[in-house]
1. Would you pick out the residues in segment B:264-281 that are within 19 Å of B:Leu123 (Cβ to Cβ), in a helix (DSSP H, G or I) and either at the interface with chain A (Cβ under 9 Å from one of its Cβ atoms) or of a type in the set (Phe, Trp, Tyr) (or both)?
2. Could you please let me know if A:Ala122 is at pLDDT 65 or above, farther than 15 Å from A:Thr67 by Cα and surrounded by 13 or more Cβ atoms within 10 Å (Cβ to Cβ)?
3. Consider B:Ala179 carefully, then state whether it is touching a residue at least 40 places away in the same chain (Cβ under 8 Å) and surrounded by fewer than 17 Cβ atoms within 10 Å (Cβ to Cβ).
4. With the structure loaded, tell me whether B:Ala128 is of a type in the set (A, V, I, L, M) and crowded, with 21+ Cβ neighbours inside 10 Å or whether it fails that test.
5. Pull out all pairs, ordered by first then second residue, where Cβ-Cβ is under 8 Å, the residues are six or more apart or on different chains, the first lies in segment B:221-245 and is under 18 Å from B:Gly256 (Cα atoms), and the second is polar (S, T, N, Q) and part of a strand (DSSP E or B).
6. Is it true that B:Thr243 is away from chain A (no Cβ under 14 Å), outside any loop (DSSP other than H, G, I, E, B), β-branched (Val, Ile, Thr) and out of contact with any Ser or Thr (no Cβ under 9 Å at 6 or more places or on another chain)?
7. Search segment A:53-70 for residues that are of a type in the set (Val, Ile, Thr) and pair each with any residue that is outside any helix (DSSP H, G or I) when their beta-carbon atoms are under 9 Å apart and the residues are at least 6 apart or on different chains.
Amino acid sequence: MLSFVRSGLREGERVLYIAADRPRDQVTAELARAGGDVSDALDAERLIVGTSGDRYLADGRFTADRTIDGLRREIEVARDAGFDKMRLVGEMSWALDKGTDLRSLIEYEARVDGMLRETATAALCQYDRRLFDLVTRRATERVHPLVLAERDGYGGAACELLVERGPNGDTILRGEADGASSESLQYSLRAAVARSHDVRLDLSDLSFIGAASLSTIRDAARTLDARGGRLTLVSPRPVVRHVVTLMGFPASIAIEGVA
Amino acid sequence: MTAHGGRGTLDHQALLYGSPGEFVSAMAPFARTGLERGDVVVAASKRPNIDALREELGMDSRAVQLEDTAEWMIRPFDRLHAFKQTVAGLPPGRSLSAMGEPIWEGSAAARRQWARYESVINLALTDAPMRFVCLYDSSALPDEILERATQTHPTLVAPGGARTRSPGFVDPIDFMPAAVVVPPPEAVDLAPEGTALRASLTRYAHEHGIDGRQLGEIALATSEVAANAVRHGGGPRRAVVWTEDGELVCQITDAGDGIGDPLAGWIRPETGSTGGWGLPIARYLADVVEIDRCETGATVTLFFTIENDRCSSGVA
């Protein structure tokens, strides 16, 4: 999550962090602890903190239309303040309270996508997988084209694994992919496999990958291989190249550049 | 009939020989018989034995895969898989005639691992259509290793060719109860799992000049063992690291009932399998993996020979 925030700040975007379940001051303090760059951004209002109460549930009820309108206004305000682009991070656990209909949430997620594209806004919606049931998670994942990052809880700390789509279409893995993140990696790779004939997986920013995640990548490689496609691993570490020979990756995989 | 012509049975024998001459007088006929039957024939032994066998077999030696045991599949995990692969690739109805000599020159832990490999062969290749003669140089090896040979092979074969059932054969389940590897006093405690484990391990490795590819291997193998402790062992209780005789040693202790299966980690999961890779990866990457039992749970100890090759360091 923090790498998502930081990359927005680096790009000169305004970042809005919408927290659930905790007061704004507490979230601001959590974020400020992440480092000088983040606390400076908070001071300069390049990073702003909102809560689910004021952003999603203005009069105690959630409606997709009003939330999308609200975000659109927020983006306009940012433009007026000199930010060409905005980046949103939302904690989604508020949707479990207040009698919110999860179907309206999924509808919202599907519709907000158009608005985000139109305004070139990047958004990261954080679903705590301990709280949301699988059906809701799968449904919301289907309507998120770009980013799936996951850990148990938000925790205010950096995500173990961030999966992003790069400008050239590469799927980029950042952080650490251990057993805990293999499920979200699975969904992301499935989406990448569904999207294109060949998949390029950039591992240059991945500091660690464990067996469970390697199995997931191998399964994607086999799916691609079965339909005549190919998986390319970009800049894997030497240990990954070595283990790939043990784990039954298809012969069609390509490896480019060794980190 | 299936493509493989039905199940075979492993015939696992130990030959105790006293000289290259004795080796050849026993193994040249074994190789020839195999060739006549249409078997795939493989021999991995010490260089003088291989040279003598090549000479004795003459033209026939071209049909035999001859390997110097000191250079071919020098880790028992790799060697077991080389044999398994050869068996899997046999033409229908054919068998494998193999001769294999373990490598006894390594550390005490490495020697225990080779002995375990010999015992595990009985389970891992039990259905293989394979005549497998393991070679023991009785002129050079200590009694302890020769005695273990009788415990790990159901059949003993004399240089003259006489076969006897090994009276001392031990069921692989009961073979060689684990000698618990006790960390020395200077061993350093690591965080027990996850990112923190890798961070503390990396710090220790850097202090000992280990980086690059080898650090990646140590981190992956150790993480997988710790992850197993979380999944199956009631959580890791302790992770420690130390260096000893040119090796870096990591030990993970969990709170479970211990790992009773002697095959644990020796068998590669099916190609498409998602789970079960942790211990095989550890065996693949570490020089030695010892699985012990202590009062509190299972203890897995990983030994890595520290590489001082400059080429391998500095590569992130």
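The values are calculated or read from the model by the stated rules, or taken from the named source; none is laboratory data. Bear in mind that the values here come from a model prediction, so they are computed numbers and not experimental data. Reconstructed Cβ throughout: ideal geometry from the backbone, glycine too, with neighbour counts over all protein chains shown.
1. B:Pro280
2. yes
3. yes
4. Yes.
5. Within 8 Å, the pairs are B:Ala229/B:Thr253; B:Pro236/B:Thr253; B:Arg237/B:Thr253; B:Arg238/B:Gln251; B:Arg238/B:Thr253; B:Ala239/B:Gln251; B:Ala239/B:Thr253; B:Val240/B:Gln251.
6. yes
7. A:Thr67/A:Tyr56; A:Thr67/A:Leu57; A:Thr67/A:Ala58
Residue-by-condition table, conditions (1) part of a strand (DSSP E or B); (2) more than 14 Å from chain A (Cβ to nearest Cβ):
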{"position": "B:Ala227", "(1), (2)": "no, no"}
{"position": "B:Arg238", "(1), (2)": "yes, yes"}
{"position": "B:Asp257", "(1), (2)": "no, yes"}
{"position": "B:Asp261", "(1), (2)": "no, yes"}
